[in-house]
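Read the structure below first, then the notes.
The values are calculated or read from the model by the stated rules, or taken from the named source; none is laboratory data. This is a predicted model, so every value here is computed, not measured. Methodologically, a virtual Cβ is constructed for each residue, glycine included, from the backbone with ideal geometry; neighbour enumeration extends over all protein chains shown. Side chains are part of the model used for accessible areas, which takes the heavy atoms of the whole protein and leaves out ligands, DNA and RNA. Shrake-Rupley method; radii C 1.70, N 1.55, O 1.52, S 1.80 Å.
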Amino acid sequence: MTYVPVHQQTTLASDYFQSYSVVGLLALVGVLFVAVAFGAGRLLRPVVPTPEKLLTYECGVDPVGEGWAHTQVRYYVYAFLYVIFAVDSIFLFPWATVFAAPGYGATTLVEMFIFLGFLAVGLLYAWKKGVLTWA
């Protein structure tokens, strides 16, 4: 075990906490910036409440009837299919970089065709079930 003098221990501890003080100072500046921006917005905005302004408003349509509306399932299916293919397309970029590396060409190419085959089977299944037809 090596002996470290007390004054060096104090220096090491102060350097350690100094790096955290910079992070804390930046966090404080960020919080103050947001608080000042919201406060300035509250002070500068015009406040003239009228009955029209207090109505519930969404997408330019006046609120008429109940607040509950039925949504068709196909919108969720389209969103789900989009997420699946968007996430899968993200996997193509690392594949392209590994494919360029020496020694990985044939193996990576076979793996990617298997991956794209699974995607094609999923897309064909969705098409065969009629999910992709807009009625």
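Residues satisfying the criterion are absent from the range 58-72 (criterion: part of a helix (DSSP H, G or I), modelled with pLDDT under 85 and either of a type outside the set (K, R) or exposed (fewer than 10 other Cβ atoms within 10 Å of the Cβ) (or both)).
Scanning the range 97-122 for residues that are among the aliphatic types (A, V, I, L, M) and either within 19 Å of the chain's Cα centre (by Cα) or modelled with pLDDT of 75 or more (or both) yields A106, L109, V110, M112, I114, L116, L119, A120, V121. Looking at the range 120-135 only, could you name the residues that are open to solvent by less than 70 Å² (accessible area, probe 1.4 Å) and either in contact with a His (Cβ under 7 Å, 6 or more places away or on another chain) or not in a helix (DSSP H, G or I) (or both)? Within the range 120-135, G130, V131, L132 qualify. Looking across the range 97-119 at every residue that is exposed (fewer than 11 other Cβ atoms within 10 Å of the Cβ) and aliphatic (A, V, I, L, M), the one that is farthest from Q72 (Cα to Cα) is identified as A101. Out of Y76, Y20, one residue alone is assigned to a helix (DSSP H, G or I), within 25 Å of the chain's Cα centre (by Cα) and at pLDDT below 85. It is Y76. Output the qualifying pairs, or none if there are none: Cβ atoms under 8 angstrom, residues six or more apart or on different chains, first residue in the range 97-113 and assigned to a helix (DSSP H, G or I), second residue open to solvent by 90 Å² or more (accessible area, probe 1.4 Å) and not polar (S, T, N, Q). Close Cβ pairs satisfying both conditions: V98/Y104. Being surrounded by fewer than 10 Cβ atoms within 10 Å (Cβ to Cβ), more than 30 Å from T133 (Cβ to Cβ) and modelled with pLDDT of 75 or more is the requirement here; does V36 meet it? For V36, the condition - surrounded by fewer than 10 Cβ atoms within 10 Å (Cβ to Cβ), more than 30 Å from T133 (Cβ to Cβ) and modelled with pLDDT of 75 or more - is not met. Going through (1) modelled with pLDDT under 80; (2) within 30 Å of G117 (Cα to Cα) one by one, A86 falls short only on (1).
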